[in-house]
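> For reference, the structure I am asking about is given below.
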Amino acid sequence: MSFFSFTKKIFKSLFELDEDRKKYAKEYLDDLHRQARLLHLPGSVIGLFVWLGFAFDTDQKLHPEFPELFYFRIGLSLICLFFLMLYFVDKYFKIRVRGKGLGWAYFLFFYLLNATAFLTGRIADDPTYVSGLQIAVMTLVFMPFQRRTIILFYIGSIFCFLTSVLIFHPDLSTDSASYSMQNLAISYLVGFFSGFIIERFRFTTFISRHRILEKNKEISLSMAQIQDLKTKQDGDYFLTTLLFDPLIGKEMESGFVKIDYTIRQHKKFSFRDKEYELGGDYVSVYNLILQGKKYKAFVNGDAMGKSIQGAGGAIVLGAVYNSIIIRSKMDPNSSNRSPERWLKDCFMDLQKVFETFDGGMLVSAIFGLLEETSGALYYINLEHPWMILFRDGKAGFIDNEHHFYKLGVTGIRTQVSISVFKLKQGDKIFCGSDGKDDIVIEETSGGKRVINEDETQFLQRLEEANGNLYEMESRLKSYGSFSDDFSLISLEYTGENHFKLSKNYFEAKDAMLAHDFEKALSLLNESFNPIAASPKELKLLARLYEKKENLLQALEYAGMVPEIDPSDTAWLLHTSLLFKRVFAQTKSMTYLGEAQELSERVRLRDPRNVKNLIHLADVYRLQGDKERANYLLGKVGVEEENHPILKRLVNKII
């Protein structure tokens with residue numbers, strides 16, 4: 001590649017606009033105008049006074065042979081005074097004389113940078129004045145200019161400086177002058193790159209903010225339309241359907257999780273010779289990354305009420321849930337949360353919205369996260385039908401579910417906990433609305449309907465269909481007719497999360513039970529493979545190193561277990577306790593922060609675990625957060641008032 005081609009390529013990359021810059025050129029320019037207007041007053045005031053001291057004192061002492069410096073500095077002050085007057089005329093007389101915003105900044109920096117460069121070139125052998133040009137060069141970086149403007153300003157000032165040097169021939173042979181020229185060159189180089197980076201960051205921030213605002217406008221519009229439908233009550237089903245359909249998330253592609261879903265609303269209607277359906281069931285599946293791990297975020301909801309009322313609740317659910325997903329994908333802080341915290345925050349955000357309807361809009365739902373690598377399932381059940389596990393050809397309810405009140409129920413402060421379940425390879429989970437059970441199995445001649453009341457009928461149909469969602473739906477239809485909205489999500493875990501134990505594991509375990517820790521460690525390390533290590537081996541290694549008081553090594557292995565099997569709540573607490581013990585040895589607050597994170601996850605799963613509450617309160621005490629520690633100890637008092645550690649820990653906090 002020739003030098004000309006290389007130079008052309010560089011300039012093309014600097015000055016050509018990408019698609020986003022072309023698409024949002026006007027909006028971005030308006031935003032730059034806005035930022036420049038904010039700098040108008042402080043910039044004018046600073047420029048008015050900053051160099052007057054040099055003009056009347058310093059310049060005359062250092063360079064009496066160069067009186068033009070006085071006029072340059074006074075000129076800058078006069079320009080800033082003029083812009084200051086324009087600012088007050090604009091502000092107090094409402095006469096738009098200062099333009100949109102960038103005009104004054106362009107003019108001021110054109111004068112400042114080029115005049116400074118030219119006059120500094122005349123006395124380029126004086127490091128003091130060269131440093132002034134460096135300040136002007138670096139100041140340009142922080143102005144709200146487009147990158148091409150920054151580059152052109154720099155090129156223009158370099159040209160002015162070199163022209164002045166060629167005209168006046170300052171002595172640049174001295175060591176101080178040479179040093180100043182190097183610093184000046186570095187300033188321009190840093191300015192070029194910093195200006196490009198900061199402008200890119202400014203544009204990226206603008207794009208993110210602009211897109212978020214656009215999404216918020218869309219959601220706000222949907223909410224406004226929902227409220228309008230709620231007041232009119234005129235049966236505008238078609239408009240409701242148009243609002244509802246885009247809210248259903250369908251991000252189902254994955255290597256380790258196979259997803260199917262179906263939704264059949266009970267209300268059918270025609271509009272412009274086309275058939276539509278409307279109801280209160282809602283399903284969505286999204287890809288989500290939390291703390292660097294891939295999850296499937298899913299929801300199945302059933303809004304109370306028939307037709308338009310139920311659809312209104314489903315739209316509110318979908319709109320708010322989509323906004324939560326968007327925020328989690330775009331905001332780094334939102335995506336840096338544990339799955340338990342994400343689900344709890346999701347529930348709280350939705351509950352706050354539905355509470356505003358004052359009990360007039362209630363929704364039962366299941367919100368869940370399925371980690372694609374480990375098969376760990378996290379979920380909250382809000383008075384929704386039990387989740388179903390299909391394993392080895394048999395269907396059954398997951399029996400460790402905790403049920404909570406529907407979204408929108410007010411006046412009840414129940415501690416919400418996150419249920420956790422580990423899926424095996426080939427397992428399927430199903431969650432669906434009560435429409436799957438409310439099957440009309442008979443209708444008498446008098447018009448009376450007989451509705452199925454046996455919830456195990458669905459399990460039988462699921463086993464007959466061998467876990468196939470669509471085949472199972474057909475079998476339900478052959479059994480009877482749906483009397484309500486019907487929706488169902490199926491998630492099949494296809495990943496490999498079964499680990500083979502090493503050949504020495506059981507022998508090492510026996511050695512540990514015999515208190516021969518050295519032998520146990522030797523046996524485990526002999527066959528240990530960190531890539532294929534099972535949670536049982538890692539736990540055994542961690543406990544052995546704990547026995548030997550090698551806590552850091554124990555922590556290394558203990559911390560690997562939640563990465564492989566995050567569903568083990570007991571070990572999560574054990575690891576948190578181990579982090580606190582390491583903190584006691586090292587006094588590093590990092591370990592205490594990790595202990596807090598894991599213990600908070602345990603609390604979200606099991607809020608009434610007294611051992612964890614005491615441990616977490618002690619962690620906050622060590623961190624200096626006495627208020628939080630006292631709050632948690634109050635929870636301990638409710639569960640176990642006479643706990644032996646409670647009083648001792650309270651005295652430590654006091």
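No lab work stands behind these numbers, since they all come straight from the coordinates. Computed from a prediction, not measured in an experiment: that's the story for all the values here. Reconstructed Cβ throughout: ideal geometry from the backbone, glycine too, with neighbour counts over all protein chains shown.
> With Cα extents along the principal axes in Å defined as stated, name the option among (1) 65, 57, 54; (2) 82, 55, 50; (3) 109, 81, 64 computed from the structure displayed.
It is the value labelled (3).
> Right, another one. Give the order of Asp565, Asp260, Asp331 when sorted by the count of other beta carbons within 10 angstrom, beginning with the fewest.
Numbers: Asp565 21, Asp260 16, Asp331 12.
By the 10 Å Cβ count, ascending: Asp331, Asp260, Asp565.
> Apply the a/c threshold of 1.5 to the C-alpha gyration tensor of segment 242-307 and tell me whether it is rounded, prolate or oblate. Numbers along the way, then the final one.
Numbers: a/c = 2.94, a/b = 2.28, b/c = 1.29.
Judged from the Cα gyration tensor, segment 242-307 comes out prolate (a/c at least 1.5, a/b above b/c).
> Could you give the semi-axes, largest first, of the ellipsoid that matches segment 505-653, computed as the square roots of 5 times the alpha carbon gyration tensor eigenvalues and rounded to whole Å?
Values: eigenvalues 198, 44, 42 Å².
Rounded to whole Å, the semi-axes are 31, 15, 15.
> Antiparallel DSSP bridges in the chain: what percent, to the nearest 5? Mind dumping the intermediate values first?
Details: 60 of 62 bridges.
Around 95 percent of the beta bridges assigned by DSSP in the chain are antiparallel ones.
> Now a separate question. Quick one: compute a quarter of the convex hull surface over the Cα atoms of segment 287-393 and quote it in nm².
Numbers: hull surface 31.1 nm².
Mean shadow area of the hull around the Cα atoms is 7.8 nm².
> Oh, and also: Would you mind ranking Tyr557, Tyr286 so that the residue whose beta carbon has the fewest other beta carbons within 10 Å leads the list?
Values: Tyr557 24, Tyr286 20.
Going from least to most buried by this count: Tyr286, Tyr557.
> Also, I was wondering about something else. Once segment 10-209 is represented by equal point scatterers at the alpha-carbon sites, with solvent omitted, what log10 I(q)/I(0) does the Debye formula produce at q = 0.14 Å⁻¹?
-0.89
> Got the relative contact order for the chain handy, in percent, Cα pairs under 8 Å and 6 or more residues apart?
Values: 995 pairs, mean separation 54.7, N = 654.
Relative contact order, the chain: 8 percent.
> Quick check: from the Cα gyration tensor, does segment 134-191 come out rounded (a/c under 1.5), prolate or oblate? Don't skip to the answer; put the middle values down first.
On the way: a/c = 3.35, a/b = 1.74, b/c = 1.92.
In terms of gyration-tensor shape, oblate.
> Also, I was wondering about something else. Just rank Leu389, Leu343, Leu317, Leu41, fewest to most, by other beta-carbon atoms within 10 angstrom.
Details: Leu389 19, Leu343 22, Leu317 26, Leu41 14.
Arranged by neighbour count, lowest to highest, Leu389, Leu343, Leu317, Leu41 become Leu41, Leu389, Leu343, Leu317.
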